[in-house]
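Here is the structure we will look at.
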Amino acid sequence: MLEDQELVDQGGPPQALSGLRVLEVADMVAGPFCGKLLASLGAEVIKVEAPGIGDPSRRRGPFPGDVPHPERSGTYLYLNTGKQGITLDLEDPQGRVLLEELASRVDVVVHDRQPARAQEQGLDAARLGGANPRLIVAAVTPFGSYGPYAGYKAYDINVFHAGGEGYLLPNGLALETFPDRAPLVAGSHMGSYQGGLTAALGIVAAVYARENPPYQGPPSMSPLSKGGLQGGQAIDCSLQEAQLSIGYLPIQRSEAEGLVEDRFSRFFRVGGVLPAQDGYVELLTLERRQWEGLYELLGQPDWAAPEKFEDPARFGPEINRHLREWAGGHTKAWLYDEGQAHGVPIAPYFTPSEVFSSRQQRERGFFVPVDHPEAGCFKYPGLPFRFGATPARLDPSPLLGEHNQRVYQELGYSPQDIVAMARAGVV
């Protein structure tokens, strides 16, 4: 049986979003991740970059052999698979004319500009909707397109901490070892990826609503309803709110119980991160039956008696000392397997190389080889779901301005026109 990727390459079944055209005007992580997801599902995504310099992620790496190169950045290559690439200067009046022409021919525009900046660059929904009333315009910004923070610039560290989660980190062994350590931000742009995923979901829902109009009543009074969109609509994605949506429990506890949770109140005093022979595992026994299973696995020592588990404030430090000594004598695999057999929640911490070589991911074909003309062939993470009839695919990320000729000729510009615009710095 052919893999999904092979089926598509050999003219197999259509993809879920085949026929959907998307214009992406976004840099770094959130907006590009949104576009990447849509492209993986079959949408034709045209990525707009600044002439000459491109998306800042091209300069972020990691780079093969640690040699910086704008076409070999691992960050850029991962976030922009399957897209077409053009260059366009939105600071130039002619560039904004081209933007409107492009917007008139697509179904969706995704951008990451705050409201004032979006208006300056011609990306506001009202203006774009004038040329294409069925257009869906998705703004993916740090704090949304209205409200007192709407104009703020922010990076992933700002968005993550504005979502409240950073206040509760570090935890576990790190907190016990360094109790005075300042709050931490989760690595790998977690807040931005969550925002990009949220925006992609909103876009798919808006496309469905456009084709299956759910509501025919009076116009909405939402701040997003201004302008001439008919069938299309504006989508306002706040990265902060996307982060809040997956970390709401501490806020709920504050509202319902008047408790301001911190790292110490969240800290589980028994178990947590334990060193193994070949790395680390996490032990999380929240219920008495789980601790009783661990008690059996440990050989029923006095220091782990179930009644001591009921008083973690008193016995926690002693129990943890013994647990770390015990765990350090076994491998991650042994601790995981024996924990499962005894009904004990023990999970190994995998290194990136262990994840990459995992039998589970290999069996599911999660890592997909992608051959890029400049960077070479590497295996990329695929999508975390499979389709039975409309497979996803990963194609190489575009070179800077790779598709200028094709895209602008579709708008009616001749090769000579495109050369002239390039010389003028418009594209």
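State all residues of region 257-305 that are at pLDDT below 90, open to solvent by 60 Å² or more (accessible area, probe 1.4 Å) and among the aromatic types (Phe, Trp, Tyr); if no residue qualifies, say none.
Phe264, Phe268
Residue pairs, Cβ under 7 Å, 6 or more apart or interchain, first in region 269-283 and farther than 13 Å from Pro312 by Cβ and touching a residue at least 40 places away in the same chain (Cβ under 8 Å), second outside any strand (DSSP E or B) and of a type in the set (Lys, Arg). List them.
Once the first residue is farther than 13 Å from Pro312 by Cβ and touching a residue at least 40 places away in the same chain (Cβ under 8 Å) and sits in region 269-283, its partners that are outside any strand (DSSP E or B) and of a type in the set (Lys, Arg) give Leu274/Arg324; Pro275/Arg324; Ala276/Lys332; Asp278/Lys332; Gly279/Lys332; Val281/Lys332.
From the list Glu49, Glu71, which one is surrounded by fewer than 21 Cβ atoms within 10 Å (Cβ to Cβ) and not aliphatic (A, V, I, L, M)?
Result: Glu71 is the single residue among Glu49, Glu71 that is surrounded by fewer than 21 Cβ atoms within 10 Å (Cβ to Cβ) and not aliphatic (A, V, I, L, M).
If Gln94 satisfies all but one of (1) part of a helix (DSSP H, G or I); (2) surrounded by 23 or more Cβ atoms within 10 Å (Cβ to Cβ), what's the number of the condition it fails?
(2)
Which residue pairs have Cβ atoms under 9 Å apart, sit 6 or more places apart or on different chains, and have a first residue in region 402-427 that is at positive phi and touching a residue at least 24 places away in the same chain (Cβ under 8 Å) and a second that is surrounded by 14 or more Cβ atoms within 10 Å (Cβ to Cβ) and part of a loop (DSSP other than H, G, I, E, B)?
Pairs found: Gly425/Pro51; Gly425/Asp89; Gly425/Asp92.
Take region 339-369 and flag every residue that is within 18 Å of Glu282 (Cβ to Cβ) and among the polar types (S, T, N, Q).
The answer is Gln340, Thr351, Ser358.
Can you spot a residue in region 160-175 that is aliphatic (A, V, I, L, M) and without any contact (Cβ under 8 Å) to a residue 40 or more places away in the chain?
The answer is no, given that none of the residues of region 160-175 is aliphatic (A, V, I, L, M) and without any contact (Cβ under 8 Å) to a residue 40 or more places away in the chain.
Based on what the data block shows, is Lys379 open to solvent by 50 Å² or more (accessible area, probe 1.4 Å) and touching a Pro at 6+ places or on another chain (Cβ under 8 Å)?
yes
If you take the residues in region 73-91 that are assigned to a loop (DSSP other than H, G, I, E, B) and in contact (Cβ under 8 Å) with a residue 40 or more places away in the chain, which one is nearest to the chain's Cα centre (by Cα)?
Asn80
What single numbered condition from (1) closer than 27 Å to Val97 by Cα; (2) of a type in the set (Val, Ile, Thr); (3) at pLDDT below 95 fails to hold for Ile136?
So the condition that Ile136 fails would be (3).
Do you know which residues across region 315-333 are buried (at least 16 other Cβ atoms within 10 Å of the Cβ) and of a type in the set (S, T, N, Q)?
Asn320
What is the one condition in (1) crowded, with 17+ Cβ neighbours inside 10 Å; (2) on the phi < 0 side of the Ramachandran plot; (3) at pLDDT 95 or above that Asp4 does not satisfy?
(3)
Name the single residue, out of those in region 230-256 being modelled with pLDDT of 70 or more and among the aliphatic types (A, V, I, L, M), that is most open to solvent (accessible area, probe 1.4 Å).
Step by step, filter region 230-256, then rank; the result is Ile246.
Of the conditions (1) open to solvent by less than 60 Å² (accessible area, probe 1.4 Å); (2) in contact (Cβ under 8 Å) with a residue 60 or more places away in the chain, Gln361 fails just one. Which one is it?
Gln361 satisfies all of (1) open to solvent by less than 60 Å² (accessible area, probe 1.4 Å); (2) in contact (Cβ under 8 Å) with a residue 60 or more places away in the chain except (2).
Is there a residue in region 46-66 that is in contact (Cβ under 8 Å) with a residue 24 or more places away in the chain and β-branched (Val, Ile, Thr)?
Yes - at least one qualifying residue is present in region 46-66.
Tell me which residues, restricted to region 391-427, are of a type in the set (Ser, Thr, Tyr), surrounded by 13 or more Cβ atoms within 10 Å (Cβ to Cβ) and part of a loop (DSSP other than H, G, I, E, B).
The answer is Ser397, Tyr413.
Taking only region 92-115 into account, find how many residues are among the acidic types (Asp, Glu), under 23 Å from Gly19 (Cβ atoms) and in contact (Cβ under 8 Å) with a residue 40 or more places away in the chain.
Total meeting the criteria: 2.
Residue-by-condition table, conditions (1) outside any loop (DSSP other than H, G, I, E, B); (2) within 15 Å of the chain's Cα centre (by Cα):
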position	(1), (2)
Val137	yes, no
Val140	yes, yes
Asn158	yes, no
Pro183	no, no
Gly187	no, yes
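Please indicate, with yes or no, whether at least one residue in region 161-168 is modelled with pLDDT of 95 or more and touching a helix residue (DSSP H, G or I) at 6+ places or on another chain (Cβ under 6 Å).
The answer is no, given that none of the residues of region 161-168 is modelled with pLDDT of 95 or more and touching a helix residue (DSSP H, G or I) at 6+ places or on another chain (Cβ under 6 Å).
Of a type outside the set (Val, Ile, Thr), within 15 Å of Leu283 (Cβ to Cβ), without any contact (Cβ under 8 Å) to a residue 60 or more places away in the chain and out of contact with any Asp or Glu (no Cβ under 7 Å at 6 or more places or on another chain), is that true of Tyr336?
Yes: the conditions hold for Tyr336.
Would you please name the residue that is least open to solvent (accessible area, probe 1.4 Å), looking only at residues in region 163-213 that are aliphatic (A, V, I, L, M) and closer than 21 Å to Tyr149 by Cα?
By that ranking, first place goes to Ala199.
The values are calculated or read from the model by the stated rules, or taken from the named source; none is laboratory data. Everything quoted here is computed from the prediction, not taken from an experiment. Counting neighbours? That spans all protein chains shown, and the Cβs are built from the backbone with ideal geometry, glycine included. Just so you know, the surface numbers come from the protein's heavy atoms only, side chains and all, with ligands and any DNA or RNA stripped out. Shrake-Rupley method; radii C 1.70, N 1.55, O 1.52, S 1.80 Å.
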